[in-house]
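This report refers to the structure that appears directly beneath it.
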Amino acid sequence: MRAAVIRRAVAATGVLALVGGCTAQAAGSGGKDPSPAPSATASDDAKPSGSGSPGSTPAPAASSPTPAPRTLYAPGDKGKDVRELQARLRQVAWLFDGPTGTYDAATTAAVKGFQGKRGLPRTGTTDTVTWQRLLKMTHEPTRDELYAAGGQTPAKPDPRCMTGRVLCISKTSRTLSWMVDGKTQLSTDVRFGSQFTPTREGVFQVYWKSRHHVSTIYHTAMPYAMFFSGGQAVHYSSDFAARGYSGASHGCVNVRDEGKIATLFQQVKNGDKVVIYW
């Protein structure tokens, strides 16, 4: 009887040892992992967050509203940024005049046309969406594109312009500055000769003034002519006023602002210096 009790006890101990061995093997002995029992955490994760009952649909997350386009440039604005806008509009053939640097009626109409073609609201103002579309379709304007209609700031005066009475003329900025003792009295846009009839560079003097001059070679009017080198003169050009830089002179320095050239003609004297430089 005592031996039977001992055998039953040993058998029970062996079963307990076997169960304990399976537990250790599952923990990392290389045997097959038993399927884990569902945990309370897994069961909770399966439920919709914040739901009071199984199967309820969670509320959708709130989406951020799309910000409204911001206005960058509007009618009446002025400056170099408007000039760039106009130059880019010219690249895609929505603007033909300018750039002038002033957001005028022609610019407004061009922006409206560009917007309508691309399904954007035809506001005529340049907002962030319109600007980004224009940037993708154009390249950064060159200096000649930015100042195709003139309006460039005069270049730094040549040192030879800093003394006396001088018509200081820069081919780089395409400007003429009337200077007296180093101080600028008046500035204006100018146009030069073509590659076949270039305007000479260097230091000259005004040697003859002719208010109603007509070219004996080309038979064209040269009002307010101030001759400085052979047949080359600073004078008013109606062609420059009408066509801008799409044309060129035959070597003269053209001025398109008749009011300014009239003032120059009154103030400049024979013997005054003319400096033409890059």
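What follows is calculated from the coordinates using simple rules that are stated; it is not laboratory data. Please read these numbers as outputs of a predicted model, since none were measured by experiment. All Cβ positions, even for glycine, are placed from backbone atoms using ideal geometry, and neighbour counts span all protein chains on display.
Taking 0.36 nm per residue of separation and subtracting the current Cα-Cα distance, fully stretching the chain between ALA242 and THR163 would add 25.0 nm. Our summary gives segment 159-277 a relative contact order of 32 percent, counting only alpha carbon pairs under 8 angstrom and 6 or more residues apart.
Length gained on full extension, THR153 to HIS219: 20.5 nm, using 0.36 nm per residue less the C-alpha separation.
Between the C-alpha center of segment 69-86 and that of segment 145-186 there is a gap of 27 Å.
The label point for GLN267 and the one for LEU120, both projected 7 Å from the Cα toward the Cβ, are 4.3 nm apart. All other residues whose Cβ lies under 10 angstrom from that of PRO99 are scored, Lys and Arg at +1 and Asp and Glu at -1, for a net of +1. A simple rule links phi to the HN-Hα coupling: the Karplus curve 6.51 cos²θ - 1.76 cosθ + 1.60 with θ = phi - 60°, which for segment 148-157 gives 4, 9, x, x, 6, 5, x, 5, 4, x Hz, with x for Gly and Pro. Rounded to the nearest 0.05, the FRET efficiency derived from the C-beta distance between THR128 and THR184 at R0 = 45 Å is 0.70. Distance cut-off 29 Å, Cα to Cα: go down the list LYS156/LYS269; LYS171/LYS260; LYS78/LYS112; LYS136/LYS156; LYS80/LYS209; LYS78/LYS171 and report the pairs above it. Listed pairs above 29 Å: LYS136/LYS156; LYS80/LYS209. The stretch between ASP144 and THR66, if pulled fully straight at 0.36 nm per residue, gains 24.2 nm over its current Cα-Cα span.
At an R0 of 25 angstrom, the distance between the Cβ atoms of ALA74 and LYS136 translates into a FRET efficiency of 0.70. Under a 5 Å amide H cut-off, with hydrogens placed 1.01 Å from N, LEU72 pairs with THR126, ASP127, THR128 among residues at least 5 apart or on other chains.
Based on Cα contacts under 8 Å between residues 6+ apart, segment 71-146 shows a relative contact order of 38 percent.
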